1. If packing is taken as the mean number of other Cβ atoms within 10 Å per residue, what is the order of 87-98, 158-169, highest first?
2. Return the ratio Rg/(2.2 N^0.38 Å) for the stretch 1-84, where Rg is computed over Cα atoms only.
3. Tell me the label-point distance for the pair Phe34, Gln48, using the 7 Å Cα-to-Cβ offset, in nm and rounded to one decimal.
4. If packing is taken as the average count of other Cβ atoms within 10 Å, what order do 112-125, 50-63, 20-33 fall into, highest mean first?
5. Report, as a whole number in µm² per second, the diffusion coefficient that Stokes-Einstein gives for the stretch 125-233 at 37 °C and 0.692 mPa s using the Kirkwood radius over alpha carbon pairs.
6. Given N residues in the stretch 1-145, what is Rg(Cα) / (2.2 N^0.38 Å)?
7. Let me have the relative contact order for the stretch 133-242, percent, based on Cα pairs under 8 Å that are six or more residues apart.
8. Provide the convex hull volume over Cα atoms per residue for the stretch 89-162, in Å³.
Amino acid sequence: MTSVLYDVPGPRAIIRNRILAALTILVVVGAIAFVIYRFADTGQFTPQKWYVFSFSAVWVGIGEALGATLAAFGAAAVGSLILGFILAIGRVSDHAAVRAPVAGITEIFRAVPVLVFMMLLFYGLPTVGIRMPPYWAVVIALIVYNGSVLAEALRAGIESLPRGQKEAAYAIGLRKNAVMRLVLLPQAVRAMLPVIVAQLVVTLKDTALGFIITYPELLYYAKRLMGQSGRPILPSIIIIGAIYIAMCLVLSGIARWLEIRTRHSPRAGGKPPVTRADVTAQDVTTTQLIATQKMNPGLDGFGTPR
C-alpha cells in the first residue's frame, strides 16, 4: 500500500511529462515573443509613445490616482470585514428570526454585480433627491458585495470546525457570545485566511470600476493619459497594470506573513517545542500501547515497571 495519493509515474510517464512541460514552455515563450514582436512592429516601444511619462506632473497625477485607489480600497476592506463578520454571525445564529433574514440579505448582496451597485448609488439616488460623491458610491458598493462574500467564507469556516469545539467551550462555562468570539471565529479566520485574502485582492481590483462613475482612481487617470498626444494607449495600460500587480503582490505577501505568524503563535494554536518525551510518546501508537499492556501487565506502555 502506497502513502501517496496517485500512482508513481514510470519511466515512460516521466519522459512524457517532461516532453509536455517543454512543449508548454515553448508555447508560452512563443506567445510572449509574438506579443513583443507585434508591439515593436506597431511602434509601441518608440520614444513618442512613452514621451508623456517623462513629465514629473504625469507621475504626480499617477501618485494622486494611486492614493485615491488605496483610500477607496482601505475603507472598503475594513468595511467588508466588519460586514462579513456581522452577516456570518447572523447566518449561524440559533434563532430562525435572525438567520433567515440575514441569509436573504446576504444572497441578494452577492447576486448583484458591483458595478450595478455603484451606478445605482451614483446615478439612481439623485432621482430621489439624494446625491452621493463618487468616493462613497465606490466604497459602499464594494463593502456591500465583498462583505456578503466574506460572510459566506466565514460561515463555511465556522461550520467546518469540529462540533466538539463548541461543546467543550460550553462545558467550561462560556456563554454563547464568548464561544463565538474566543473559540469559533479565531479558528474560522485562520482556516479561511486564503479565501479572505483572495477576496480582498478582488476588492482592490474592483476599485477600477470607479472610473465609470468618474472616481479619479488609477484606471480613470490612465484613460486621461490615453488621450494625450501620441495616444500612449498600451504604455498607459502597461504601467497602470504593473502598479495593480505590485499592489496585489504586496497584499498577498502581507497575508502570507500573517499566516506564518499565527501558525507559530502559541496563542493561535501553534505547536509548543517538542521534547524527547514527546517524541517517545508519539512513536508509540495507541494499538502498540494496548498490546504491550496486555502482554506485560506489570509494565506500562513504554516498557517501564508500574
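1. 87-98, 158-169
2. Details: Rg = 24.6 Å, N = 84, 2.2 N^0.38 = 11.8 Å.
Ratio of Cα Rg to 2.2 N^0.38 Å: 2.07.
3. Computed distance between label sites Phe34 and Gln48 equals 2.8 nm.
4. Details: 112-125: 16.9, 50-63: 13.3, 20-33: 10.0.
Those peptides, ordered most packed to least, come out 112-125, 50-63, 20-33.
5. Value of D from the Cα-based Kirkwood radius: 190 µm²/s.
6. Working: Rg = 26.0 Å, N = 145, 2.2 N^0.38 = 14.6 Å.
Taking the Cα Rg and dividing by 2.2 N^0.38 Å, one obtains 1.78.
7. Normalised by residue count, the contact order of the stretch 133-242 is 27 percent.
8. In the stretch 89-162, the Cα hull volume divided by residue count equals 91 Å³.
Readers should treat all values here as calculations from the given coordinates under stated rules, not as data from a laboratory. Keep in mind that this is a model prediction, so the values were computed, not measured. Cβ sites come from the backbone with ideal geometry, for glycine too, and all protein chains shown count toward neighbours.
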